[in-house]
1. So for B:Leu140, A:Leu203, fewest C-beta neighbours within 10 Å to most, what's the order?
2. Would you order A:Ser5, A:Ser132, B:Ser18 from fewest to most other beta-carbon atoms within 10 Å of each residue's own beta-carbon?
3. Largest first, please: the extent of the C-alpha atoms of the protein assembly as shown along each principal axis, to the nearest Å.
4. Exposed loop sites here are trypsin sites (Lys or Arg not before Pro) in DSSP loop states with at most 12 other C-beta atoms within 10 Å. What is the longest stretch of chain B lacking them?
5. Within 9 Å, Cβ to Cβ, of A:Cys71, how many net charges do the neighbouring residues add up to if Lys/Arg are +1 and Asp/Glu are -1?
6. Treat every Asp and Glu Cβ in the protein assembly as shown as -1 and every Lys and Arg Cβ as +1, leave all other atoms uncharged, and give the resulting dipole magnitude about the Cα centre to the nearest 20 debye.
7. By DSSP, what percent of the beta bridges with both residues in the protein assembly as shown are antiparallel, rounded to the nearest 5?
8. Can you find, among B:Leu56, B:Met70, B:Pro40, the residue farthest towards the positive end of the dipole of chain B? Put +1 on the C-beta of Lys and Arg, -1 on that of Asp and Glu.
Amino acid sequence: MNKKSVIIGVIIVAIVAGLATAFSVPSSETVNLDMGRSHGTISTAMGSPLLGDPSAPITIVEFGDYQCHQCYNWFHNTKPAITKEYIETGKANLVFVDLAFLGRDSPKAAQASYCAEDQGMYWEFHNMLYNSQESQIDNGWANSERLKAFAFSLGIDLELFESCLDSGKYSKRVQYNNQQAREHNVRGTPGFFIVGPDSQEQLGGAQPFSVFKQVMDSMI
Amino acid sequence: MVNTIKLVFSNFKYLILSTVFFSAMVIGLLILSEYIFLEPYVVSHIPSGTELGFVLILIISALSALVIPMNIFRINILKKSKQKMSGGIFGSVIGAAAGACSCGPIGFAVISTFGSVGATATAFLTNYEVPIRIIAIGILTITYFTTVRSLKVECKISQ
C-alpha cells in the first residue's frame, strides 16, 4: 500500500465520519426560530408556533402561565369557540407567549412545551398541560417527572425530551417571553393582544367569547 | 334575631351603610375574581366550574354587609367595645384576600414586588381559596350570632 492510497483512505474515512456525525445530530438540537417574527408591537419570535392560517388577518397573542387557573378557564370556556369560529375558518390565528411567573414549576412547564416543539408536538403538549392542570400551584402536577410522563403519553421521544428539559435548553427563551410580557404592560395571566390589519387591542383576563368576537369583528 | 335586625336597620343610615358595604364588596370581589370585566366593555360571566366561588363571594359580601353595620350600631349607639367589630372586619378581609391574589394583577404585583416570598403567599391564597373563604364565612357567622346576642342583652330585646 503506497502513501497516496493511505491519504485517500484517510480522506474517505474523514468524509464518511463527518457525514455520519452530521446525520446523527439529535433533532432536539434543531431550532427553527424566525427571529424577525412579530405581531403588532410584540416580538413573538420566541413564542409558540402559529396556530391556524399564517395569512389570517387577525392574530391573537396570548400571554399565559400553565399553572394559572384563569388561563385554564379561558382554555376551556372561551378558546373552543374562538378556535371554531375564527381559527378554523382562517379569520384569525393564535400565538402563545409565556408569562411564567406563578411558581417554580411554571418556567419548567413552559420550557417543556418547546422541547415538545422540537419533535413537532407543541400544541399537543400545550393542550395536554391545560387539560391536566390541577387546582393547586406547585403541588407537583407540573414538576419535571410529570412533564416527562406527559411527553411519554403523547409518544414523544423521551430520551430527546429529557435531554432537552434537563439541560435547560429553553430557559432563555422563556425568560425572553416573560420580558416581552413585561415590556407590553401585561400584568397578569391570561393577557391578550388582538392584532388586526390596522390596529391592536389589549385584553386582560379570561374574558368571555362575546368580548373577543366584538373586538375581532370590528377589525375585519 | 329578626327583632335585632329590625332594630338596627330601621335606622335608615345603617340600611344605606349595609347597601354600600354589600355593593362595594360584591363588585370589588367579582372584578378581582374575573366574574366582571370593565375593559374594553363592561361584561359579566360565570365560567363553567367557577360557580362555587361566585356563591361564596355573595355569601361573604352579604354577611359582611350584615355584621359590620350591626357592630357600628353597637359602637355608636350603645358605646360598646370594638372587639366584635374586629371579628367582622377580619372575616371580610381574609375572605377578600383569598381570591384576590391569583394570576391577576394583584397576584402579579405581589410576586413582582416580594419575589419568592410573594409567590409562596400567592400560591397559598390561591391553593386554599375555597377553604379560606369558608373559614371567613364561619368567622362572620360567629360574629353575627355573638353580635345579635349582645344586642339582645344590651337593648333588652324580647325573643
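1. Numbers: B:Leu140 25, A:Leu203 20.
So the ranking, lowest neighbour count to highest, is A:Leu203, B:Leu140.
2. Result, fewest neighbours first: A:Ser5, A:Ser132, B:Ser18.
3. Extents along the principal axes: 122, 45, 32 Å.
4. B:1-78
5. -2
6. 2040
7. Taking every DSSP beta bridge with both residues in the protein assembly as shown, the antiparallel ones total about 70 percent.
8. Value computed over the given set: B:Met70.
A short reminder: the numbers here are calculations on the coordinates, not readings from a lab. In this text, all values refer to a predicted model and were calculated from it rather than measured experimentally. Cβ sites come from the backbone with ideal geometry, for glycine too, and all protein chains shown count toward neighbours.
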